[in-house]
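Since the structure comes first, as structure tokens, the remarks are kept for the end.
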Amino acid sequence: MIGAMTGKRVRVAAAVVALAATAALGALAANAAGESVHIDRQKWTFGGMFGHYDDAQLQRGFKVFVDVCAKCHSIKRLYFRNLAQSGGPSFPEAAVKSLAATYEVDAAPNDEGKVLKRPAILTDAFPGPFKNEQEARFVQNGALPPDLSLITRARGIDAGTPFYVLPYVMARDIVSGYQEAGSDYVYAYITGYKPPPAGMKLADFMNYNVAFPGHQTAMANPFVAGDGLVKYDDGTPPTVDNYARDVVAFLSWLGDPTLEERKRMGLLVIGYLLLTALLLGLAKRRVWSSVH
């Protein structure tokens, strides 16, 4: 019995050491890859276990994307009908139909095999700015602007903490339901354009960004014109900070459109488990009360 307990303790200790070694190697690899960039956590309406999307913010974010970001970036996973669905921007369907009709997409080949253009409808995907990758690279000096459909899911942030603190950070994020690392990074990136430090020479067609690893990015500052670039219709101040927050919220919804439904289901499951645990505890006390 004692030998079995000792063996179990040894295995647990070995697992802890292995986990710490893995975390340490990961931290060393991250440091070797380049300077760790600190990204501040932002407050989002969709953050935490009770988070939800703000329809008005999503509508403003879509406007910012169309007026600014859509000149270079695509969002291939967005269909016009999504803009009118609940849980998203919730635009009126008639307004979305009118918006779709202002875009042209490829029609089905005619009898001669020619592909003509037609106005877009609700079931069409949102058109991108370029016909193909070659055209995009030619216009952007060789750089390929990424599709932004899943950008907030594909990006993350480095905790920037010692390896021995990572278990605490992970536990804190689990308890708080933190899943907005990608949104925080994209916001920091959009607002991270600064003049380069004195003596730093940027490569051709590159721009200095404090949030981007290496601090040199091919993407130019989309809000270099400053406040007033996009006019809001709901009275929200047209500032760069609001532009960044709104477009990031829109991209976050695009990357995770079922967030509200998923969080509601998660809370229901937690409530069910808690209630089940309570009932089982009461049943156990009743069944074993005569023994005790």
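In this structure, does Val169 turn out to be outside any loop (DSSP other than H, G, I, E, B), modelled with pLDDT under 85, hydrophobic (A, V, I, L, M, F, W, C) and on the phi < 0 side of the Ramachandran plot?
For Val169, the condition - outside any loop (DSSP other than H, G, I, E, B), modelled with pLDDT under 85, hydrophobic (A, V, I, L, M, F, W, C) and on the phi < 0 side of the Ramachandran plot - is met.
For (1) crowded, with 19+ Cβ neighbours inside 10 Å; (2) more than 28 Å from Arg172 (Cβ to Cβ); (3) of a type in the set (Asp, Glu), each residue gets a yes or a no:
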| position | (1), (2), (3) |
| --- | --- |
| Phe46 | yes, no, no |
| Phe50 | no, no, no |
| Ala56 | no, yes, no |
| Ser74 | yes, yes, no |
| Gly88 | yes, yes, no |
| Glu104 | no, yes, yes |
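Counting just the residues of region 107-140 that are assigned to a loop (DSSP other than H, G, I, E, B) and among the polar types (S, T, N, Q), which one comes out surrounded by the most Cβ atoms within 10 Å (Cβ to Cβ)?
Ranking the qualifying residues of region 107-140, first place goes to Gln140.
If a residue must be aromatic (Phe, Trp, Tyr), buried (at least 19 other Cβ atoms within 10 Å of the Cβ) and free of Cβ contacts under 8 Å to residues at least 60 places away in the same chain, how many such residues does region 156-212 contain?
Selection size over region 156-212: 2.
Six or more apart or on different chains, Cβ atoms under 8 Å: show the pairs whose first residue is in region 60-74 and touching a residue at least 24 places away in the same chain (Cβ under 8 Å) and whose second is of a type in the set (S, T, N, Q).
Every condition considered, the pairs that remain are Arg60/Thr236; Arg60/Asn242; Cys72/Gln140; Ser74/Ser149.
Provide a single number: the residues in region 188-237 that are of a type in the set (Phe, Trp, Tyr), over 24 Å from Lys43 (Cα atoms) and either touching a Pro at 6+ places or on another chain (Cβ under 9 Å) or outside the structural domain of Ala70 (by TED's automatic domain parsing) (or both).
Here the count works out to 1.
Give the residue, chosen from Phe130, Phe205, Phe138, that is touching a Ser or Thr at 6+ places or on another chain (Cβ under 8 Å) and of a type in the set (Phe, Trp, Tyr).
Phe130
Take region 213-234 and flag every residue that is surrounded by 11 or more Cβ atoms within 10 Å (Cβ to Cβ) and among the aliphatic types (A, V, I, L, M).
Passing the criteria: Ala218, Met219, Ala220, Ala225, Leu229, Val230.
If you take the residues of region 235-276 that are among the basic types (Lys, Arg) and surrounded by 18 or more Cβ atoms within 10 Å (Cβ to Cβ), which of them is nearest to Ser86 (Cα to Cα)?
Per the stated criteria, the residue is Lys263.
State yes or no: is Pro162 touching a Leu at 6+ places or on another chain (Cβ under 7 Å), more than 20 Å from Ala244 (Cβ to Cβ) and in the same structural domain as Gly47 (by TED's automatic domain parsing)?
no
So the check is Cβ under 9 Å with 6+ separation or different chains; which pairs have a first residue in region 84-109 that's within 14 Å of Thr123 (Cα to Cα) and a second one that's hydroxyl-bearing (Ser, Thr, Tyr)?
Listed pairs, sorted by first residue: Ala84/Ser90.
Would you confirm, using the coordinates I've provided, whether Leu144 is crowded, with 18+ Cβ neighbours inside 10 Å, in contact with a helix residue (DSSP H, G or I) (Cβ under 8 Å, 6 or more places away or on another chain) and not acidic (Asp, Glu)?
It is false that Leu144 is crowded, with 18+ Cβ neighbours inside 10 Å, in contact with a helix residue (DSSP H, G or I) (Cβ under 8 Å, 6 or more places away or on another chain) and not acidic (Asp, Glu).
Out of (1) within 23 Å of Arg60 (Cβ to Cβ); (2) out of contact with any Ser or Thr (no Cβ under 9 Å at 6 or more places or on another chain); (3) modelled with pLDDT of 95 or more, the odd one out for Gly235 is which?
(3)
The values are calculated or read from the model by the stated rules, or taken from the named source; none is laboratory data. All of these numbers come straight from a predicted model, not from anything done at the bench. Positions of Cβ are backbone-derived with ideal geometry, glycine not excepted, and every protein chain shown enters the neighbour counts.
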